[in-house]
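Here is the structure we will look at.
The values are calculated or read from the model by the stated rules, or taken from the named source; none is laboratory data. The structure displayed is predicted, hence computed values, not measured ones. All Cβ positions, even for glycine, are placed from backbone atoms using ideal geometry, and neighbour counts span all protein chains on display. Keep in mind that these areas ignore ligands, DNA and RNA; they rest on the heavy atoms of the full protein, side chains included. Shrake-Rupley method; radii C 1.70, N 1.55, O 1.52, S 1.80 Å.
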Amino acid sequence: MQTTSPQVSVDDFFLEVDHIFVCTTKDAESISVLQELGLHCSNQAVQHFKQGTASKIIFFENTYLELIWIEDKHLVEQQSVHTGVHTLSRLHGQHIRASPFGVGLRRKFNHGNLRSHSTLYWSEWMRCLRRATPTQMSISFAAENLVNQEEPFCFMIPDSIALTAWLDPSLTAHQKLISHPLGVKKLTSVKITINSDKHLTDAMSLLSTHSSVVIERGESPLLELTFDEGIREKNLDARPILPILLKY
């Protein structure tokens, strides 16, 4: 049964996109295609030793894009059994309709005060989340969403590791991270195409109804990222190497 959500606008939504990840393969081509399109990628790969994966990250003023791949298949399989997160299927495309995308969400504050209807919405969202270990570093997943590989992962990032907790545009080093030859600055909307005829899980349905993330159905997975409200009306396509379309 679908949950009933309070009537809120996108601006009032209590959560916002912290980052988006894309499952890919371990090769330089995935990174180079985005660099050729005018994005600045991090030089060093991030090693997720316990998960058996690694990634490269592209930072923007309000979010980041993470390309993630398998480093140790055995560890990935162990983690899948332990956590129920079937990364291997998404990374290897073992499930023909599996979505290769994930959306990490962080809490959004409005001048330090929470609006009453946003708090109601937060309660509604939390009903969709399974109980996680009660530490500041815990990441909460929506239980039904975990097992539905045909829609993107949807998960909560704790405040302590959210992008907004450490990114400081006034620092020169951070300015370099978020400066792109393409000239894009802020991610303003996200459209994710899924190859599925299933109903969206409650968590994903709530997200797509009350945030800048839109879920559509189509023949193949696609991540459409719009920057700066698409003011220049230009498109750049990373396919077929990556299922990513940039609009700015």
* To do: Taking all protein chains together and a probe of 1.4 Å, list I241, I192, I70 from the most accessible to the least accessible.
  => I241, I70, I192
* Amide H neighbours of L15 under 5 Å, counting only residues 5+ apart in sequence or on other chains, H built in-plane at 1.01 Å? -> K108
* Residue-level accessible surface for L75, protein heavy atoms, 1.4 Å, Å² -> 50
* With the Cα gyration tensor of region 22-68 giving a ≥ b ≥ c as the square roots of its eigenvalues, does the rule (a/c under 1.5 for rounded; else a/b larger than b/c for prolate; else oblate) give rounded, prolate or oblate? -> oblate
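Which percentage, to the nearest 5, of the DSSP beta bridges contained in region 156-244 is antiparallel?
Working: 6 of 12 bridges.
For region 156-244, the DSSP antiparallel bridge percentage is about 50.
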* Asked: Between E216 and D168, what length in nm is gained on full extension when 0.36 nm per residue of separation is reduced by their alpha carbon distance?
  -> 13.9 nm
* How many angstrom lie between the C-alpha centres of region 189-232 and region 18-80? -> 20
* Structure fact -> With every protein chain kept in place and a 1.4 Å probe, the residues V81, V147 fall, from largest accessible area down, as V81, V147
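Once you order the gyration tensor axes a ≥ b ≥ c over the Cα atoms, which shape class does region 172-228 get: rounded for a/c under 1.5, otherwise prolate or oblate by comparing a/b with b/c? Walk me through the numbers before you get to the answer.
Numbers: a/c = 3.40, a/b = 2.20, b/c = 1.55.
Prolate, since a/c reaches 1.5 and a/b exceeds b/c.
Counting only other residues whose beta carbon sits under 12 Å from that of E224, what net charge do I get with K and R as +1, D and E as -1?
On the way: positive: K191, R239, K247; negative: E216, D237.
Net local charge, E224 excluded: +1.
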* Asked: Taking square-rooted eigenvalues a ≥ b ≥ c of the alpha carbon gyration tensor, is region 146-248 rounded, prolate or oblate, where a/c under 1.5 means rounded and, failing that, a/b exceeding b/c means prolate?
  -> oblate
* Asked: Which value, in Å² and to the nearest 10, is the accessible area of R232 when all protein chains are kept and the probe is 1.4 Å?
  -> 110
* ³J(HN,Hα) across region 163-173 via Karplus (A = 6.51, B = -1.76, C = 1.60, θ = phi - 60°), whole Hz, x for Gly/Pro? -> 4, 5, 7, 10, 6, 10, x, 7, 8, 4, 4
